[in-house]
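Remarks on the structure that follows.
Every number in this text was worked out from the coordinates using simple rules, so none of it is lab data. From a predicted model like this one, the values you see are computed outputs, not experimental measurements. With ideal geometry, Cβ positions are generated from the backbone for all residues, glycine too; neighbour counts draw on all protein chains shown.
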Ligand SMILES: Cc1cc2nc3c(=O)[nH]c(=O)nc-3n(C[C@H](O)[C@H](O)[C@H](O)COP(=O)(O)OP(=O)(O)OC[C@H]3O[C@@H](n4cnc5c(N)ncnc54)[C@H](O)[C@@H]3O)c2cc1C
């Protein structure tokens, strides 16, 4: 028998229901009420129209009233608000918003897809803020676009770091509006866990979006020209976007006595039926079951609304259909980044006390040798026994959502992590690797669950370190410039097998590398050699990202070329000598290549390096800083999708004028390379150094080879050493007090005589000379290369000694009028 079906809401859920129902039931009378002027518009595209990516407004309207009526024979009534439901008589009261007239309409079946409204709390001053906008509909979009077009705002405050807030931040930035984003939580993008969101935070900083976390809006003042935060901070704003979430638009359902949850979402069963047998509800307005944990939740996304629309239509048409719950698969573009997630995150699993395992990997988006490959960060959560997939998150520049989609499919297909290596996914170099990131995640998860490797997480590192845990850094020495854990012992992976004897067998060893892979290999090696070993999951990269290590370095040097049409022009191309393409190489590959190239270059020459590793931006800033080179400029080329950095060999302040012609600059420094370990030469070098320092010179003393003995402390701590290093220890003087003389050694009498003469003539002892020099600001640098060769550790040096590469010495000579080799 033909039925009369009324649908409230004419966009995602409502329009899907109507279209499917007509395809199933030609004889049903279908009426769709929409209080707005448009049906079936692209809510998700609205921010991009404001930003200009979608230029043609008509493209936002996926289906017109006329087309819907013609094609599907649906009675579409726009500007028609359903104000009341009478369950008993099965009627609704409708107001024609154009004429103001109200009328009743009877139904056999009623479908509610009214969506959710942007939350607009009664914050003091909100009513007077004429420059404040929320975004849900086409009229909202028109209002925001008009305001930007006509008022040319310079600064916007976006309140809320969810996907609408972030999309608006990006699109206002595209319109050359400076953005401050205020978020009450400690991170943006709630579906992500903190360490994954940290990548987004970092990226926002790169894009000059000011991010204020853990702060909320207390009030709006001056008609919205000032935003007052709880912290007391005041921000001037030309415009404000409020995007702090949505609440179900369910007043008519509540008034009609339908069951709703505490937040007003309509309660439905698996067939999307409400507490009334003649009323269905769907979309943003309903409570759903979390597919992973089975708990009731609300997940306002377009896929569930569309899927539920079809299920509702099927059920109305007599085809049994059930909605199994929502996984929450979501993706967002945040400037150049893609951020995607599915299932439950770690925060939620913790809150629900679900037992889980976690892993982080940083694979490439496709084969590294094919241009345009970008590393991504992929996090996988799974149960510790069966390996059931609980959730996944990924952040990167390319291929991110594809991996999350595969994992979302795996979850729905009830696959476990043990099935992931066996997923035969498409492969050719431009698209993936023969071992896709999803396969890799599966391999690692299986390794963990099968006990082949044990891991610790980034948030456990500090605690382990504080308890005196032994960390072994298996990266190459040149990677130390990217930062390292305090007290970590550096044994590069290639040396580990041979040097394993330096490590204790009775103590847990925590191994780490840059991204976790070499750490895993090291762990396997050590475990098989009888050591107790755990790998720091995700490597130093994950830890450093969360800790904000290197966070400030080089920020101001990075610009984007495309976003707002502004391209900062490089100031010093004249000396560009070497171009290096490090695209496709994963960390530390690009840094290694820079290291190799700069080693061949002369002081002052400039290297242009391009890399696709997103971490390269931070790494290169840090590397330049630590190695005495100058990062002149860095930018992300959106079109070519790569980072391009200009590095001047040697130290020069960023932004300072180009190198002066030889002889023109005033040389204020002095450098001394102390190669010798003889007492008399050590004394002479420190006397010269303190003399130069007292004349106002910036003095750098670079101790290398035997010179390192001069700066060793008397009360050295015990450090783990290999046999050769131990032999050096026995053979060489242990501290400055035990240095020999270059001439007249006289079976130890010479040094004693010198010390006596110095005392008699009121010349400070060598120990005092060293202390004084450091106190006067003399930079005492130990050569890292010689330290490695001689097995000397930083802990063996007196306080105040820095460890540096030869680049730090060379950088210091730049400004030095005095260069001595002792
Ligand atoms: C700016 C923006 C960007 C988004 N981007 C994404 C994205 O990228 N990915 C994603 O998955 N989701 C996105 N969403 C969310 C997605 O649009 C929603 O989840 C989806 O539209 C929900 O569908 P719905 O049918 O429940 O509600 P809606 O699509 O909002 O439709 C509800 C309609 O009902 C009408 N209505 C309400 N009450 C009445 C009444 N009493 N009488 C008559 N009509 C009524 C409303 O006017 C509204 O037009 C975005 C949303 C916005 C606002």
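You can think of it this way: the chain between residue 269 and residue 768 has 171.5 nm of extra reach, that is 0.36 nm per residue less the Cα-Cα gap.
Hull volume per residue, based on the alpha-carbon atoms of the chain and their convex hull, is 192 Å³. If you take the Cα centroid of the stretch 79-115 and the Cα centroid of the stretch 483-555, the two points sit 65 Å apart. Taking Cα atoms only, the orientation of helix 302-316 departs from the longest principal axis of the chain by about 30 degrees.
A simple spin-label model places pseudo-atoms 7 Å from Cα toward Cβ; at residue 714 and residue 388 they are separated by 6.6 nm. Dividing the summed -39500 (n - 2.57) terms of all DSSP H runs of n ≥ 4 by the residue count of the chain sets its mean residue ellipticity at 222 nm at -8500 deg cm²/dmol.
For the chain, the longest principal axis of the C-alpha atoms and the axis of helix 589-600 are separated by about 40°.
Taking label positions 7 Å along the Cα-Cβ direction at both residue 262 and residue 356, the computed distance is 2.2 nm, reported to one decimal.
The stretch between residue 96 and residue 498, if pulled fully straight at 0.36 nm per residue, gains 136.4 nm over its current Cα-Cα span.
What FRET efficiency, computed as 1/(1 + (r/R0)^6) with R0 = 25 Å and r the Cβ-Cβ distance, is obtained for residue 128 and residue 155, rounded to the nearest 0.05? The pair residue 128/residue 155 has a calculated efficiency of 0.85.
Net length available on complete extension from residue 457 to residue 505 is 15.1 nm, with 0.36 nm assigned per residue and the Cα-Cα distance removed. Sorting 272, 731 from the fewest to the most surrounding beta carbons within 10 angstrom yields 731, 272. Take every Cα pair under 8 Å whose residues are at least 6 apart in sequence, average their separation, divide by the length of the stretch 103-247, and the relative contact order is 34 percent.
Rounded to whole Å, give me the distance from the Cα center of the stretch 227-269 to that of the stretch 1-41. First find each Cα centre; the distance between them is then 27 Å.
Using the Cβ-Cβ distance between residue 120 and residue 185 with R0 set to 25 Å, the FRET efficiency from 1/(1 + (r/R0)^6) comes to roughly 0.85.
Principal-axis analysis of the Cα atoms of the chain puts helix 616-627 at an angle of about 20° to the longest axis. Overall dimensions of the stretch 275-377, expressed as equivalent-ellipsoid semi-axes from the Cα gyration tensor (√(5λ), whole Å, largest first), are 35, 19, 12.
Computed over the chain, relative contact order equals 8 percent, with contacts defined as Cα pairs under 8 Å that lie 6+ residues apart. Rounded to the nearest 0.05, the FRET efficiency derived from the C-beta distance between residue 176 and residue 205 at R0 = 30 Å is 0.95.
Could you line up 203, 366, 155 from fewest to most neighbouring Cβ atoms inside 10 Å?
Working: 203 20, 366 23, 155 15.
Lowest count first: 155, 203, 366.
Assign one of three labels to the stretch 111-226, namely rounded, prolate or oblate, based on the Cα gyration tensor with a ≥ b ≥ c the square roots of its eigenvalues; rounded applies when a/c is under 1.5, prolate when it is not and a/b is larger than b/c, and oblate otherwise. The shape class here is rounded. Extending 7 Å from Cα along the Cβ direction at residue 234 and again at residue 103 yields two label points whose distance is 5.5 nm. PRE reach from residue 426 (point 7 Å along Cα→Cβ): which of the stretch 350-371 fall under 18 Å by backbone N? Within reach of a label on residue 426, which here means backbone N under 18 Å from a point 7 Å along Cα→Cβ, the stretch 350-371 contributes 365-368, 370-371.
For the stretch 215-256, the calculated P(r) over all alpha carbon pairs, in 5 Å bins from 0 to the bin holding the longest distance, is 5, 19, 21, 16, 8, 9, 10, 8, 2 percent.
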